[in-house]
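Novice: First, the structure itself, so that you have it in front of you.
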Amino acid sequence: MANFADFQIGLYFAGLGGQLPPYPLTFAGLEAAAQEKMEHRLWDYVAGGAGDGHTQQSNIDAFHRWGVLPRMLSGAAERDLSVELFGHRYPAPVFMAPIGVLGVMTDDEHGDLAAAAASASSGIPMVASTLMQDPMEDVGAALGDTPGFFQLYTPHDREVAESFVHRAEAAGFQGIVVTLDTWTLGFRPRDLQHATFPQLRGYCLANYFSDPVFRSRLQATPEEDPGAAAIAWALMFGNPTLTWNDLAWLRGLTDLPLLLKGICHPDDVRRAKDAGVDGIYCSNHGGRQAASAPALDLLPAVVDAADDMPVLFDSGVRSGADVVKALALGATAVGIGRPYGYGAVLGGQAGIEFVLSCLLAEADLTMGLNGYASITELTREVLVRVT
């Protein structure tokens, strides 16, 4: 059985021929290189967080409070990181979290297609954002045989929301992820200092501009008046009146697995489960939306309340070791955000695949060298509090 860690052997052998790695191998290196390359307003949008960024940093710091307990002579030379999720077997318990400006983060401004192609090549699933630069049909086709998920920002126009879900079904997506914590924008000073954000300039609205129901709401087509179409999007985006009473409507839109993103309280988990939701996505939006406790600290209680229901997790994941820690705290699969986004900035599909390979190699080695051969062995007992 091949291990993900074999990736680093390839880098060493390439070095014998004078070939250095094409991209940085650490998050700090990726971040610095991406900042140097990106337009400054887009950089602030991607790298920034809510308020003073304290929650964003706390998400990262939370991982440092845990260490992995080593076990020796355990026969972990070969590892199995595969996971089954909603009837599909994936090679690793990792997925690409939705990034709402991914489409404009690559040189060709087709970042969603680049991520989908990387998903098809690697087998690592993608959660594709509502806010894409290319229509969901094109992104779904680019996923190949790797089952992907469609993330829904629920507009207050229900017919547009229903159109999105039905289009996602037809495009081959295998689950709907409803984001709950973005019914309005959080207070983001780094965006506010520029008095704009990408979607108001018409970026990453392809799913709206290609949607027949949305287009029917416009006096002029997006091609004729893109500025007016962007304003129409802004007035429709988000649904501040969405409550638990609306969950039956959302559940009734599709037979696909339905996941709720942003659930962090065990009582909310139980309500979601009672309402027929298929999975929980524990996340505080990477600290982008509101000040909160670190998402990792909230994960164990969410997992306990979910019982046998899958729990996806993101927020603050920066390394393969972080992936292992989140799995040990009960996550079924762990979402990567900014790291693969910066890979997209630096190299498109190739950059994304490189970052995923690095994260998986590090996760694999963290397990193997600490004596764990399978993700089924990663329980809370393998973690030690270090501060």
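Novice: log10 I(q)/I(0), Debye, Cα-only the range 36-128, no solvent, q = 0.14, 0.23, 0.26 Å⁻¹?
Specialist: Values returned for q = 0.14, 0.23, 0.26 Å⁻¹ are -0.84, -1.16, -1.22.
Novice: Using the 2.2 N^0.38 Å rule of thumb for compact globular proteins, work out how the range 211-340 stacks up: its C-alpha Rg over that value, please.
Specialist: The range 211-340 yields a ratio of 1.28.
Novice: Right, next: Expressed as an acute angle from 0 to 90° and rounded to the nearest 10, what is the orientation of the C-alpha long axis of helix 54-64 relative to the principal long axis of the chain?
Specialist: Compared with the principal axis, the helix lies near 20 degrees.
Novice: Under the Kirkwood approximation for Rh and a Cα-based Rg, what ratio Rg/Rh is obtained for the chain? Spell out each step's value before the answer.
Specialist: Details: Rg = 20.2 Å, Rh = 21.2 Å.
Ratio value, two decimals: 0.95.
Novice: Now for a separate question. When the chain is modelled as a GNM with alpha-carbon springs shorter than 10 Å, which of Gly351, Gly49, Gly29 fluctuates the most?
Specialist: Its mean-square fluctuation being the largest, the pick is Gly29.
Novice: Can I ask one more? In the range 285-364, how does Rg compare with the Kirkwood Rh, expressed as the Rg/Rh ratio over alpha carbon atoms? Kindly include the intermediate steps, with their values, before the conclusion.
Specialist: On the way: Rg = 13.6 Å, Rh = 13.4 Å.
Ratio value, two decimals: 1.01.
Novice: Oh, and also: Using alpha-carbon pairs under 8 Å, 6+ residues apart, how would you state the relative contact order of the range 19-112 in percent?
Specialist: Details: 33 pairs, mean separation 11.2, N = 94.
This gives 12 percent for the range 19-112.
Novice: Can you give the relative contact order of the chain as a percent, counting alpha carbon pairs under 8 Å and 6+ residues apart?
Specialist: Values: 761 pairs, mean separation 104.9, N = 387.
Relative contact order comes out at 27 percent.
Novice: Related question: Determine the sum of side-chain charges near Ser119: Lys and Arg each +1, Asp and Glu each -1, restricted to other residues whose C-beta is under 13 angstrom from that of Ser119. Numbers along the way, then the final one.
Specialist: Details: positive: none; negative: Asp112, Asp145, Glu353.
Result for the local shell: -3.
Novice: Also, quick follow-up: Listed highest first by mean packing, meaning other Cβ atoms within 10 Å per residue, what order do 160-173, 309-322, 181-194 come in?
Specialist: Details: 160-173: 19.4, 309-322: 23.6, 181-194: 15.1.
Packing order, densest peptide first, comes out as 309-322, 160-173, 181-194.
Novice: Let me ask something else about it. For Lys261, which aspartates and glutamates qualify as cross-link partners when the Cα separation must be under 19 Å and same-chain residues fewer than eight apart are set aside?
Specialist: Answer for Lys261, where 19 Å is the Cα cut-off: Glu162, Glu169, Asp181, Asp246, Asp274, Asp278, Asp297, Asp304, Asp307, Asp308, Asp314, listed by chain and number.
Novice: Bin by bin, in steps of 10 Å, what percent of the Cα pairs in the range 104-213 do you find, going until the bin that has the longest distance?
Specialist: Reading upward from the zero bin: 14, 44, 33, 9, 0.
Novice: Restricting to the chain, compute how many DSSP beta bridges are antiparallel as a %, nearest 5.
Specialist: Numbers: 6 of 29 bridges.
The answer is about 20 percent antiparallel.
Novice: Which of Gly48, Gly227, Gly335 ends up with the largest GNM mean-square fluctuation for the chain, with Cα atoms connected below 10 Å?
Specialist: Largest GNM mean-square fluctuation: Gly227.
Novice: Between Leu143, Leu299, Leu235, where does the largest GNM mean-square fluctuation fall for the chain, given springs only between Cα atoms within less than 10 Å?
Specialist: Evaluated over the chain, the most mobile residue of the options is Leu235.
Novice: Let me ask another. Starting at the first residue of the range 310-316, write each ³J(HN,Hα) from the Karplus equation 6.51 cos²θ - 1.76 cosθ + 1.60 with θ = phi - 60°, in whole Hz, x for Gly and Pro.
Specialist: x, 10, 8, 9, 8, 3, x
Novice: Let me ask something additional. Test of understanding: express the Cα radius of gyration of the range 1-72 as a ratio to 2.2 N^0.38 Å, with N the residue count. Please report the intermediate quantities before stating the final value.
Specialist: Numbers: Rg = 17.6 Å, N = 72, 2.2 N^0.38 = 11.2 Å.
Normalised Rg, Cα atoms only: 1.58.
Novice: Follow-up question, since we're still on this one. For Gly238, what charge total do you get from the other residues with a beta carbon under 12 Å from its beta carbon, if Lys and Arg give +1 and Asp and Glu give -1?
Specialist: Summing Lys/Arg as +1 and Asp/Glu as -1 gives -2.
Novice: Let me cross-check Lys37: its accessible surface, 1.4 Å probe, with only protein heavy atoms counted, in Å² to the nearest 10?
Specialist: 90 Å²
Novice: Still on this structure, please answer the following. Work out the P(r) tail for the range 262-328: percent of alpha carbon pairs separated by more than 13 Å, whole number. Intermediate results must be reported in sequence, preceding the final value.
Specialist: Numbers: 1330 of 2211 pairs.
Summing the P(r) tail past 13 Å for the range 262-328 gives 60 percent.
Novice: Residues with beta-carbon under 11 Å from that of Cys204, excluding Cys204: net charge, scoring Lys, Arg +1 and Asp, Glu -1? Could you put the intermediate results ahead of the total?
Specialist: Details: positive: Arg201; negative: Glu109, Asp112, Asp134.
Here the count lands on -2.
Novice: Is the C-alpha gyration tensor of the range 1-155 telling us rounded, prolate or oblate? Criteria: a/c under 1.5 is rounded; beyond that, a/b larger than b/c is prolate, otherwise oblate. Intermediate values should be presented prior to the final figure.
Specialist: Values: a/c = 1.40, a/b = 1.25, b/c = 1.12.
In terms of gyration-tensor shape, rounded.
Novice: Any chance you could give the angle, 0 to 90 degrees and rounded to 10, that helix 111-122 forms with the longest Cα principal axis of the chain?
Specialist: Between the helix axis and the principal axis of the chain, the angle is about 40 degrees.
Novice: Please determine, in degrees from 0 to 90 and to the nearest 10, the orientation of helix 27-37 with respect to the longest principal axis defined by the Cα atoms of the chain, where the helix direction is its Cα long axis.
Specialist: Taking Cα atoms only, the helix is inclined about 40 degrees.
Novice: What does the helix-only formula give at 222 nm for the chain: each DSSP H stretch with n ≥ 4 adding -39500 (n - 2.57), the total divided by the residues, and the result rounded to the nearest 500 deg cm²/dmol?
Specialist: Numbers: 16 runs with 165 residues, N = 387.
Value at 222 nm, helices only, nearest 500: -12500 deg cm²/dmol.
The values are calculated or read from the model by the stated rules, or taken from the named source; none is laboratory data. Here the structure is a predicted model, which means the values were calculated and not measured. Every residue, glycine as well, gets a Cβ built from its backbone with ideal geometry; the counts of neighbours run over all protein chains shown. Please note that ligands, DNA and RNA were not included when accessible areas were found on the heavy atoms of the full protein model with its side chains. Shrake-Rupley method; radii C 1.70, N 1.55, O 1.52, S 1.80 Å.
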